[in-house]
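Asks: What follows is a single structure, and I will ask about it in a moment.
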Amino acid sequence: MTQDEMKRHAAWAALQFISKDSIVGVGTGSTVNHFIDALASIKDSIRGAVSSSEQSTAKLKQLGIAVLELNDISELSIYVDGADEINGQKQMIKGGGAALTREKIVAAVAKTFVCIVDSSKQVAVLGRFPLPIEVIPMASSYVSRQLVKLGARPVLRQGVITDNGNQIIDAHGLHITDALALEQQLNNIVGVVTNGLFARRPADIVLVGSGNGTQIIK
Ligand code: 5RP
């Protein structure tokens with residue numbers, strides 16, 4: 001089975017967690033694109049979706065799924081999104097698709113976060129995947145210098161502007177043993193909008209697609 005087929009398996013398995021008449025939080029990325037295809041198959045039984053990116057919004061609308069504004073709803077039962085890495089505590093690195101800030105906002109509102117990944121995303125220690133950090137453009141050099149002090153090798157992602165008009169710095173070379181502390185520490189650097197560590201708000205349920213089908217981790 002290819003990696004993309006494993007992603008598709010995990011994505012379709014997420015449908016079992018979608019309740020009738022619910023509003024569904026939708027993440028961003030290639031795994032989520034499979035989930036949006038799956039969601040389209042039950043679009044008449046849900047109220048709509050809240051999207052985490054312009055990319056996902058376009059695909060949702062194209063498939064006829066109503067897209068609602070987060071500010072117009074008071075609660076969200078479920079959020080479904082992929083990850084770049086996930087550890088045994090269901091903490092994640094996200095932001096490979098540069099959508100981390102909106103993803104973190106929608107995830108914060110949702111009661112349940114269902115993470116859909118292929119088995120290559122499971123790690124013992126987070127950090128082999130460079131940690132994405134969204135920064136206000138005028139602060140990118142300052143933030144990079146602070147990241148060097150923390151032992152990271154910062155690389156400005158060339159040619160990428162986020163949906164919020166900001167830049168992404170990818171922090172290479174981190175071996176993240178205390179994700180909660182690092183998430184907080186990075187957020188305290190002036191100029192950082194969000195970092196891609198999802199430790200304060202980890203996943204609740206992980207669906208791992210592999211050659212043997214999809215494993216559910218609760
Ligand atoms: C986007 C993300 C994605 O969830 C993450 O990059 C995984 O993407 P993919 O499903 O394409 O492997 O955080 O900002």
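The values are calculated or read from the model by the stated rules, or taken from the named source; none is laboratory data. In this text, all values refer to a predicted model and were calculated from it rather than measured experimentally. Reconstructed Cβ throughout: ideal geometry from the backbone, glycine too, with neighbour counts over all protein chains shown. Only protein heavy atoms, including side chains, enter the accessible area calculation; ligands, DNA and RNA are left aside. Shrake-Rupley method; radii C 1.70, N 1.55, O 1.52, S 1.80 Å.
Asks: Pop a pseudo-label 7 angstrom from the Cα along the beta-carbon direction at both E5 and N188 and give the gap in nm to one decimal.
Replies: If labels sit at E5 and N188, their model points lie 4.8 nm apart.
Asks: Once the other residues with Cβ under 11 Å from the Cβ of T2 are scored (Lys, Arg +1; Asp, Glu -1), what is the net sum?
Replies: After counting each charged neighbour, the total is -1.
Asks: Can I ask one more? Ratio of alpha-carbon Rg to the 2.2 N^0.38 Å globular estimate for segment 26-181, to two decimals, please.
Replies: For segment 26-181, the normalised Cα radius of gyration is 1.09.
Asks: Then there is this: Reachable aspartates and glutamates from K20, Cα under 14 Å, same-chain residues fewer than 8 places away excluded?
Replies: D44
Asks: Using modelled amide H (1.01 Å from N, peptide plane; none on Pro or chain starts), what sits under 5 Å from the amide H of L126, excluding residues fewer than 5 places away?
Replies: Amide H neighbours of L126: I176.
Asks: To the nearest 10 square angstrom, what accessible area does H175 show with a 1.4 Å probe?
Replies: Spelled out: H175, probe radius 1.4 Å, area about 140 Å².
Asks: Could you report the accessible area of S45 in Å², rounded to 10, computed with a 1.4 Å probe on the protein chains as they sit in the structure?
Replies: 40 Å²
Asks: While we're looking at this one, here's another question. Which sequence of E69, E103 reflects their accessible areas, 1.4 Å probe, from the largest down?
Replies: Largest accessible area first, the residues go E69, E103.
Asks: If you roll a 1.4 Å probe over the chain with all protein chains in place, what percent of the accessible area is carbon or sulfur?
Replies: Solvent-exposed carbon and sulfur of the chain make up 49 percent of the total.
Asks: Quick one: order S210, S30 from most to least accessible surface, probe 1.4 Å.
Replies: S30, S210
Asks: Which of the three applies to segment 14-90, rounded, prolate or oblate, going by the alpha-carbon gyration tensor with a ≥ b ≥ c and a/c under 1.5 meaning rounded?
Replies: Rounded shape, in that the Cα axes give a/c under 1.5.
Asks: Among the aspartates and glutamates, select those whose C-alpha is under 20 Å from the C-alpha of K149, and discard any that sit fewer than 8 residues away in the same chain.
Replies: Partners found: E134, D170, D178, E183.
Asks: Using Cα pairs closer than 8 Å and at least 6 residues apart in sequence, work out the relative contact order for the chain, in percent.
Replies: 24 percent
Asks: From the C-alpha gyration tensor of segment 131-195, pull out the three semi-axes of the equivalent ellipsoid (sqrt of 5λ each), sorted largest to smallest, in whole Å.
Replies: 18, 12, 11
Asks: Figure the gain on full extension for K149 and A66 (residue separation times 0.36 nm, minus the Cα-Cα span) and round it to one decimal in nm.
Replies: 25.4 nm
Asks: Leaving out ligands and nucleic acids, note down the accessible area per residue over segment 131-195 with a 1.4 angstrom probe, in whole Å².
Replies: So segment 131-195 comes to 51 Å² accessible per residue, rounded to a whole number.
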